[in-house]
1. From the list LEU233, LEU142, LEU166, pick out the single residue that is among the aliphatic types (A, V, I, L, M), out of contact with any Phe, Trp or Tyr (no Cβ under 8 Å at 6 or more places or on another chain), closer than 21 Å to ALA269 by Cα and in contact (Cβ under 8 Å) with a residue 12 or more places away in the chain.
2. Determine which single condition ASP465 fails, assuming it passes every other condition in (1) within 30 Å of LEU548 (Cβ to Cβ); (2) among the charged types (D, E, K, R); (3) in a loop (DSSP other than H, G, I, E, B); (4) under 24 Å from the mean Cα position of the chain (by Cα).
3. Which residues, taken from segment 554-606, are β-branched (Val, Ile, Thr) and assigned to a helix (DSSP H, G or I)?
4. Go through segment 169-182 and report how many residues are buried (at least 23 other Cβ atoms within 10 Å of the Cβ) and not aliphatic (A, V, I, L, M).
5. Considering only residues that are open to solvent by less than 30 Å² (accessible area, probe 1.4 Å) and acidic (Asp, Glu), look in segment 265-295 and name the one that is nearest to THR342 (Cα to Cα).
6. Tell me the residue from TYR418, TYR432, TYR395, TYR401 that is open to solvent by less than 60 Å² (accessible area, probe 1.4 Å), in contact (Cβ under 8 Å) with a residue 24 or more places away in the chain and over 26 Å from the mean Cα position of the chain (by Cα), please.
7. Could you check how many residues of segment 237-264 are in a helix (DSSP H, G or I) and either closer than 16 Å to ALA289 by Cα or open to solvent by 10 Å² or more (accessible area, probe 1.4 Å) (or both)?
8. How many residues are closer than 15 Å to ASN727 by Cβ, touching a residue at least 12 places away in the same chain (Cβ under 8 Å) and over 29 Å from the mean Cα position of the chain (by Cα) if we restrict to segment 601-645?
Amino acid sequence: MRLRLAHTTALAAAVGVAAALLLAGPPTAAAPGCAAFDPPEFSGQVPSPTDVLGFDLGTQETSPRQIVSFVNAVDEASDRVTSGVAATSVAGRPLTYAVVGDPSRVTADALEQISRQANRLRNPTLSADRAAELVASTPAILWVSGNVHGTEESGADGALRVLYELADRTDCVVDTILDNAIVVVLPTQNPDGRFWETRRNLNGFDMNRDWFARTQPETDGKLELLRTYPPMLYVDAHEFGYSDYLFPPHADPEYHETPDTVHDWIFDAYGPTIEDAFDAEKLPYHHGAPYDFFATIFGDTVPAMGFHAAGMTFEKDNRDLIEDRTFQQYLAMWASVFQGATGGTEYVRQWHESYVTAYNEGVAGQLEPNAVYNPKSVLQQQVPDVTVRHYFLRYQPRRAYELDTLVRRLQRMDVDVYRLTQAQRITNFTPYGDEPRTLTMPIGSYWIPMAQGQKHWIQAMLHRDTYIPAKVTYDVTAWSNPLLLNIKGGYTGDELTPQAQLLPPEPSPSWDGTGNVPAIGIYEIPGSTRGFEASGQLRYVFESMWNLPYRNVTTNQILNGLNKVDVLVIPDGYSNYATQALGAKGKRALRQWVSDGGRLVTWQGGTRVAIKSGASGVRLTGSKANAPGTLVRTVLDPRSPLADGVGRTVWVLYDNDDLMTSSASVGSFPAPGSRNYATAGQAENMDSLAGSSFVADEQVDAGRVISFSVDPNFRAWTLGMHRILWNALVGPDPGAAAARSATLDKRAIRSAKSAERATPEVGQAMRIAVPRDQATDAKAAIRSLGLKVHSVPDRSVRILIVDNLDDLGLEESRRLSQVMPTLKAASITIKWANLPGP
């Protein structure tokens, strides 16, 4: 084993002091007589990595098969380890995990008992005596995981080293950990991506954005294991493009419902302890930017909001040797596990009391306030002074699928959901997007009281708005599930005792869409990351949610006239790759197929392909809005068959997409201040969207082109938009009643092509607003990194749009990751920034 711990004496003193000072109360367990990185002692009873793999951990990357082999070998040799399979990947690979603890705790019966006790401690209404009994006999549950992105390998290798040392060492350090905790080690969360060297899974999903939706089998199985062994610490190890290792404290913004205990653990205990370990090794590191703690979609925020765990993201430079990457991941993991174990019973007590606090806040209808924690951050807005005691979701027969989906999601995160057995009059009810009013919620509607231990999770999933506290944001700024699913409902602060029945577990719902199913083809824009994601996610919906037959269409099939295809779907992707592949002949063939009666359904980059092929007359222009992943309530033309089963309004996930105008618009963004206007998330300059279209339905000779400016299947989250997409695929033609279904002419085609050429295609761009008088210097600084930047004037600022045609997140791109530090070094004032996190 490579230990590389030359500074153990200094580190031992540092960690010992940290453990003594950083606990909110004195640990019940006896203080350890050692520090995390004291020299190890091995029994030699467990086969070493070299014995099993033929090489030592950190000398080369392990394969998914080798990970399974090593976990199984350690389990077979050690009575401290019990292993299992959390889930099976899309391609059938196991997500193997191990639970490590004192031998008396890792038998099947003992683990079942620990699971029961830990989940009972999540019950905030336990008597004080019963809670104290459970606290005294329940070990801390500490999770170490890695490799949710397939190309970020070292987290898995570091986790395997943690597993091996816990299984074989016989020293005070490991005794301390095993006396006070069980450790769940999940080396790889994405074995398919690891095998195929893709960031995403085989369905094209970035699974670090799939946590609340649980669409993918890998995520779903992992979450069920988390419910079995609810974490008090969850480490999620990644790699990125920065040179210095990153660990918490995190950057602003922090979601306001983050439990106080979680925040304090991360900022005051775990962060400083890891810092001491890296200082002792003289290793460079940084905290915070660009990783905030806001969107409840990630491997740190979901464990925090859903399980009151210290959720932490670690990031290591992906250009370094596997030796260095593995060691530094191990270093941060080991320091964290030792810190969690030395907290022992005291941390378990604080964990239970965090649920009690949440429950009491729910009884009072109290939302947590906003705050910023970086000295240079400015608080953008405070959480409004509202009381939220209950959420209600109106029963809507035509939304049964969406309602059942949401109820199941809540229940599978241990939220109690009730159904009204008697109509409930509410005098102060605030519907989503509207002003308070008096109304009666009908029988059959759903009631979710906030007086639960899962109060923070309920608010995170059912909120009206996210009340974002700072203007530099990573990924989306809104994820309200009722809005994503286009469900009517809202909240009240009234003290109510509705007549209602607690619902049993909701089974997985079946899609209830109807229509005549045509022959559908999907054309994936070749060579494009967005094309892989968008097409893969659509195929997932067809196969796993809708049971809708389709075929994959190739460029040659388009060139040959698309025989036996009635409906062709071109999702998002870099349009130039498609038009280059098609060439002039392919574009003419696509246009002719539509003209002869084909139905073409496109969005974003796919819409550009339709324009460039002369099949669509919609006009695209760049957006001046500051709305990264923002939910916007939009208006549908009720005469359009696309509105069937949807209604007059639908919530759209708008991610600073291009603006689209068309005489064939059937769905549009309302003006701010108008009756239907409402948003959730960051929403500035929204007047620039007013009247623009998010979906158009054009008659093209005998055919039809339905174009979206937004993604109607955003990460498979937007079930409210799914009904529009379904109607676009299998619904009837508009007919004479839909007056806006305009006929395409040559003039419209020329205008559309001209507008498209004038609107840069920028991919998942970085958007930054700077003062006008600093724009020239800011552009020069960005271009010095070899990046292309566009400048858009807007009022007192200039919006800088940094091209990202490869659609890389900051974790993947060295150059993009250097933009914000470079602007900071150049003393550029950042008014707001949207950082890509695909």
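1. When all the criteria are applied, what remains is LEU142.
2. Evaluating ASP465 over (1) within 30 Å of LEU548 (Cβ to Cβ); (2) among the charged types (D, E, K, R); (3) in a loop (DSSP other than H, G, I, E, B); (4) under 24 Å from the mean Cα position of the chain (by Cα) leaves (1) as the failure.
3. THR555, ILE558, THR579, VAL594 - these are the residues of segment 554-606 that are β-branched (Val, Ile, Thr) and assigned to a helix (DSSP H, G or I).
4. Residues that pass the stated criteria total 2.
5. Among them, the one singled out is GLU281.
6. TYR418
7. Matching residues across segment 237-264 total 4.
8. 5
The values are calculated or read from the model by the stated rules, or taken from the named source; none is laboratory data. The structure displayed is predicted, hence computed values, not measured ones. Virtual Cβ from ideal backbone geometry, glycine too; neighbours counted across all protein chains shown. All accessible areas refer to the heavy atoms of the entire protein, side chains included, with ligands and DNA or RNA removed. Shrake-Rupley method; radii C 1.70, N 1.55, O 1.52, S 1.80 Å.
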